Structures are given as C-alpha cells and as structure tokens.
Amino acid sequence: MNYVVLAGALGTAILTVACASMSDAGPKAVATLEPTRGNVTAGTVNFQQIGTGMQVSGRVTGLKPGQEHGFHIHEKGDCSSGDGMSTGGHFNPTGKPHGPQHADHHAGDLPSLKADAAGVASFSFRVEGLVIGSGVTDIVGRGLIVHADPDDFKTQPTGNSGARIACAVIRRA
C-alpha cells in the first residue's frame, strides 16, 4: 500500500515537472518573407517565446548558394516600398551598437542565414532579449529582412550586409 502511495506521489511530481517545462513555452509569432523588387527570396520564419529567450526557426529559399546572408529585425513593419527600405533601420530600442549575439548588439541583430548548395537556408536558433506581446523589445509588428550579403557584425550601424532581398512583417501567431 505504501508503495502505491509513493508511486502516486512520484508520478504527481514527474507530471508537475513536465507541466512546468511546457509552461515555459510562451506566445508565438510568424513572418512570411516575400521577395523585394527584382529578387526571388521567400520563406517563413517562426518565433516562440521560451522562458527568457526566443526560439527562431524557419526555411528561406532563393538565396545565393553557399553564401551567408544578413538577417535582421527592423524598426517598422512596412514592406510597401518594394525595396525593403520602408522597414527603417535595425530594431534597437536599447541603443546598443550593431554586433554578434555574444556581444552587445541591437535587439534586431540575428545570426546570419547560411544557404546550402541549392540556395536554401533551414535554421533554428535561440536568441535572448526579444519578446512577443509587450515591452520595449516586443517583435510583433516589426519588419524582418534578409540581406543580399553576409553581415560583418562590426560595420555600424548595419553590418554592411547589402541590399534587402526579402521582407516580412512579424505577426502574432
């Protein structure tokens, strides 16, 4: 009888831990990238708040095969200009310099996308400091841009990553 009670208590403890881990997964957002004028780059990017971080995953096609491409969240969720310039500069509500994830960086600085031999980038990475739904680093309603060239993560304020070849508005999922 005591064994059954212990197993029940243990089962409840395990279930509680499992539910606590699942509750760390928070709101979701999505961005559907469309090519800017004269380009073919397109894709879908998913964002999910998990604890204090954000999981970013997706698939982008129409990239230069074997090349890295700058990838940033921009200030404005406006792709109306045709060249992506209507999204403004990098999303930077905390006034940090442009840089890589392991150093001070704009909230909108994301790791570069790396295209395979077919020009496709499939990715999943985690970033800290972004949120979905509220606060100064909320990404909902912001622009998402794929650039033509690699990000050098040092040139201020853009990373010298070239033309904007795909644009999206990040929307709550």
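The values are calculated or read from the model by the stated rules, or taken from the named source; none is laboratory data. Only a predicted model underlies this, so the values are computations on that prediction, with no experimental measurement involved. A quick note on method: Cβ atoms are made from the backbone with ideal geometry, for glycine too, and the neighbour counts reach across all protein chains shown.
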Inset, instruction - Specify the residue that is farthest from the chain's Cα centre (by Cα); the eligible residues are those in region 48-75 that are of a type in the set (S, T, Y) and at pLDDT 95 or above. - result: T61
Legend entry - Residue that is of a type in the set (G, A, S) and farther than 15 Å from I170 by Cβ, where the choices are G88, G143, G99, G58: G99
Legend entry - Residues of region 92-106 satisfying the condition of being farther than 15 Å from D151 by Cβ and in contact (Cβ under 8 Å) with a residue 12 or more places away in the chain: P93, T94
Legend entry - Condition broken by H72, with the remaining ones in (1) of a type outside the set (V, I, T); (2) touching a Ser or Thr at 6+ places or on another chain (Cβ under 7 Å); (3) outside any helix (DSSP H, G or I) satisfied: (2)
